[in-house]
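> This is the structure I have questions about; it appears just below.
The values are calculated or read from the model by the stated rules, or taken from the named source; none is laboratory data. Since we're looking at a predicted model, the values are computed, not measured. Cβ atoms come from the backbone with ideal geometry, glycine included; neighbour counts cover every protein chain shown. Surface accessibility is based on the protein's heavy atoms, side chains included, excluding ligands, DNA and RNA. Shrake-Rupley method; radii C 1.70, N 1.55, O 1.52, S 1.80 Å.
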Amino acid sequence: MRLSVAKPCHVVHLVYRFATGGLENVIVQLINGLPHQSFRHTVVALTEADPAFAARITRPDVEVISLNKRPGQPFGLYPKVYRLLRRLKPDVLHSCNLAAMEFAPMAALARIPLRVHAEHGWDVGELGGSNARYRFLRRLYKPFVHEFIAVAEPQRDYLLNQIGVPAARLHFIPNGVDIERFRPRQDDDAPPAGFPFRQGEHWVIGTIGRQALVKNPLLLVEAFIQLVQSNAPGTADMRLVMVGEGPLHEAIAQRIAEVNIADKVWLAGVRADIPELLRAMDCFVLPSLSEATSCTLQEAMATGLPIIATQVGGNAALLKNGRYGSLIPSEDTSALAAELLKQYGLRAEGDHLAARASIIQRYGLDDVLARYAALFGGKLQHQTQPVNSV
């Protein structure tokens, strides 16, 4: 399929919500990074769009639409989505994850020429693709999609083997990293605004992510509490930074208050200065129950940080099975605490630039954008291996 080049290709990105998150960050990268003369964009959020997050889009010509969908079945919203797509007349519908895929029939009815669906990861209700109902729904909507994207190997295998997506329609395009923005700390870097800890005096453990069950932030909180209460050598110097918000935010704040360690923890909330925050950290932790290709893990690697991640989803592939960071069992508080103590002991010896080199070689943003441009333009041939696979 080849689209007209007489005018910019119009891509509608359909997502459940448009707020801080990994797949939403990918959409911002696509909008800002794809050639402006060749592509224009509209974002449609089934539920809500956060104006502060939408402000990360640097193009002035992008419409962001919120449909305010209520919980439950999508069918009541079908007529509204159909009318919207008929008004927008996009060349491409780019839907992300199952909630958006459920509107593929309306896209087909609206005669959108190219319908692309991307799988970015599983929520807590279908860890590992285990939910039979969701498998059924993806199979049901599969005929209404032309091309599929998997951002990590578990999603590729799931779409291929469990959903039955033909190999010729399945593309492996991992998330990309802007290696100019995400770089190692330099001596003259100023601390982020409001950063409460002192470089050189405190050893800062950090995480960035939505404070929801699937991201499991309380695992890191409990491991940090265990370290502080152990009084082991070095633990008095440790501090914790948690960037993000979500439904577990109050539980996190309450647990920190219960053990009286508020002076050692900074709950930074949602921030736009992620590169600066990463450079202020001394160790990055990803405690998730499930991940595909984690944007924040890639960004921490590009920053050259020591990394600890749970051995779930695409984390092992990103870290090359422990070559570029430590992998721990999921939901094991003691294992995380022990690994943090180990990393503190190695702080003067660690050289993590190999992780950055891996990101540059395998996940450069320019290559990823080129793949999306080719796919949205109808020119990408099937490829099952990651960009610049090594």
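> Can you name the condition, by its number, that residue 52 falls short on among (1) closer than 25 Å to residue 150 by Cα; (2) touching a residue at least 40 places away in the same chain (Cβ under 8 Å); (3) open to solvent by 30 Å² or more (accessible area, probe 1.4 Å)?
Result: residue 52 fails condition (1) only.
> Name the single residue, out of those in the range 111-136 being open to solvent by less than 10 Å² (accessible area, probe 1.4 Å) and of a type in the set (A, V, I, L, M), that is nearest to residue 78 (Cα to Cα).
So the residue we want is 112.
> A further question follows. Could you tell me which residue of the range 353-364 is farthest from residue 327 (Cα to Cα), considering only residues that are surrounded by 19 or more Cβ atoms within 10 Å (Cβ to Cβ) and not aromatic (Phe, Trp, Tyr)?
Checking each candidate, the answer is 362.
> Please verify whether residue 277 is open to solvent by 30 Å² or more (accessible area, probe 1.4 Å), part of a helix (DSSP H, G or I) and not small (Gly, Ala, Ser), treating the condition exactly as stated.
So residue 277 fails the test.
> So, in the range 86-101, exactly how many residues are farther than 19 Å from residue 28 by Cα and buried (at least 23 other Cβ atoms within 10 Å of the Cβ)?
1
> Let me ask another. Of all residues in the range 184-215, count the ones that are among the polar types (S, T, N, Q) and open to solvent by less than 20 Å² (accessible area, probe 1.4 Å).
2
> So residue 206 fits all but one of (1) more than 23 Å from residue 277 (Cα to Cα); (2) out of contact with any helix residue (DSSP H, G or I) (no Cβ under 6 Å at 6 or more places or on another chain); (3) not in a helix (DSSP H, G or I); what number is the exception?
(1)
Matching residues to (1) open to solvent by less than 40 Å² (accessible area, probe 1.4 Å); (2) part of a helix (DSSP H, G or I):
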residue: 229; (1), (2): no, yes
residue: 236; (1), (2): no, yes
residue: 240; (1), (2): yes, no
residue: 247; (1), (2): no, no
residue: 268; (1), (2): yes, no
residue: 271; (1), (2): no, no
residue: 281; (1), (2): yes, no
residue: 288; (1), (2): yes, no
residue: 293; (1), (2): yes, no
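> Right, something else. Given the criteria among the hydrophobic types (A, V, I, L, M, F, W, C), within 22 Å of the chain's Cα centre (by Cα) and in a loop (DSSP other than H, G, I, E, B), does residue 197 qualify?
When the stated conditions are applied, residue 197 does not pass them.
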